[in-house]
Amino acid sequence: MTDHATSSVPHPSAPSGSGPNAGAAYAGCPVSPEAVPLSGIAYQQSPAVVYQEMRRLHGPVAPVLLDGGIPAWLVLGYPELSYVTAHDDLFARDSRRWNQWENIPADWPLLPFVGYQPSVLFTEGAEHQRRSGVISAALEEVDQFELGVNCRRIADELIDGFVGSGEAELMSAYAHPVPMRAAVEMCGMAAGSADTDDLVSDLRTSLDASEGEDPVAAYVRVQERIQRLVKDKRAQPGPDVASRMLTNPAGLTDDEVVQDLISVIAAAQQPTANWICNTLRLLLTDDRFALNVSGGRVSVGQALNEVLWMDTPTQNFIGRWAVRDTQLGGRRIKAGDCVVLGLAAANTDPQIWPQGDLGAEGNGAHLSFSNGEHRCPYPAPLLADVIARTAVETLLERLPDVVLAIEAEELVWRPSVWMRGLTSLPVEFTPSVQ
């Protein structure tokens, strides 16, 4: 991820020669005195309140400071975010445009998010269409019924491991492993191995490192593991996503497939795990669902949709970079400025909820899967829904009397401004013998 990384696999990095004196106060770059640090305990406890106050003070586009005091813009408004994601000609994905690279240290914690990588995430125009087209074609061949059956099997196996104890911590024992095992099986990896468990851990660290963890080193290990998978599938293809990407007529190189598979697996695991857990939290704590929670498929669907509006797994996404000077939400955005997509804030924009009926049943116009050319490629959102819905329904069917093991107020959200998820979800239920 840094210029001196030794991995032979492509890694996110700043442009060559940048950042030798990084950490100095923005190297003379003017920072708005009203800029709000995009960090702190408030984002963990009540992000909706934070976004509401930012919107009141700054309007739909707010000046913010990223880790280390690096200036950026946070898009809070639904119309403004829709505009940004629909206009790649003004707000593009290639982070090498950033006007702040000279201020970015080699060990900056957000490098795994913004350091340029030769992956589909940072491509533009015809190249992005080629790369995303390969992913879409590979995912379209995933049989959704078969995926549901596989997820049910995975869920049952995990529940079997704790059903006899009468208690469980669902975040680590269930919500995370269900989508990861489903994703790696789709991509052709063997589920349940120590190697796969290490990949899960490194993916989590690279996406949302805790204090003392090294997200850069974790990401390099992720790339090395996926590189081995691609090498194996190139030699012996199978009926899986990785093999279909390798054999697509577009002719992606092994390195391109490695990078794009990482994007597919990461998107399937971390956000879907938080979607599952946030939905279970809602079902177990909100009286509106209490009467129908056991086996209530309609209630599960409502809860899944409401979470995407109110507690979307990806709160903020970094980002887009201004191609030229422009205006957005009454702000002057300079060429090379970083624009952070405030997905959670946009989903709760009062402009689109004039009656206050947030998360209305059946309304799927949320931006949780983003929008425009760089939205989650079809049919990824449908596959994520199959995984999340199956995981939630299976748990409620197997543990019909499941309840929280602590008071709802004692649940702790992860200290992240990027991902919205709990640190743990402890529950109790009547134990049963298999």
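The values are calculated or read from the model by the stated rules, or taken from the named source; none is laboratory data. This structure is a prediction, so every number in the text was calculated from the model and none was measured. Neighbour counts are summed over all protein chains in view; Cβ atoms, including those assigned to glycine, are modelled from backbone coordinates with ideal geometry. Areas reflect the complete protein model, heavy atoms only, side chains present, ligands, DNA and RNA absent. Shrake-Rupley method; radii C 1.70, N 1.55, O 1.52, S 1.80 Å.
With a simple spin-label model that places each label point 7 Å from the Cα along the Cα-to-Cβ direction, the separation between Y378 and S32 comes to 3.6 nm. A full extension of the chain between D254 and E428 corresponds to an added length of 58.0 nm, given 0.36 nm per residue minus the alpha carbon distance.
The distance between label points at T285 and S136 comes to 3.7 nm (points 7 Å beyond Cα on the Cα→Cβ vector).
Seen from R244, the other residues with C-beta closer than 10 Å to its C-beta sum to a net charge of -2, counting Lys and Arg as +1 and Asp and Glu as -1. Each label point was placed 7 Å from the Cα along the Cα-to-Cβ direction; for A217 and D198 their separation is 1.4 nm. Counting only protein heavy atoms and using a 1.4 Å probe, what share of the accessible area of the chain belongs to carbon plus sulfur, as a whole percent? Percent of accessible area from carbon and sulfur atoms in the chain: 52.
Summing Lys, Arg as +1 and Asp, Glu as -1, what charge do residues with Cβ under 11 Å from the Cβ of Q44 carry, Q44 excluded? With Lys, Arg at +1 and Asp, Glu at -1, the neighbours total +2. Once the 1.4 Å probe is applied to the protein heavy atoms, the chain comes out at 41 Å² accessible per residue. Only helices enter the 222 nm calculation for the chain: every DSSP H run of n ≥ 4 contributes -39,500 (n - 2.57), and dividing by all residues gives -14000 deg cm²/dmol, rounded to 500. Helices assigned as whole DSSP H runs in the chain whose Cα atoms extend at least 18 Å along their own long axis and whose mean Kyte-Doolittle hydropathy is -1.0 or higher are found at 125-140, 144-160, 194-207, 215-235, 254-285, 297-310, 380-398. Lys and Arg at +1, Asp and Glu at -1: add these up for the other residues within a Cβ distance under 14 Å of Y378 and post the number. Residues close to Y378 contribute a combined charge of -3.
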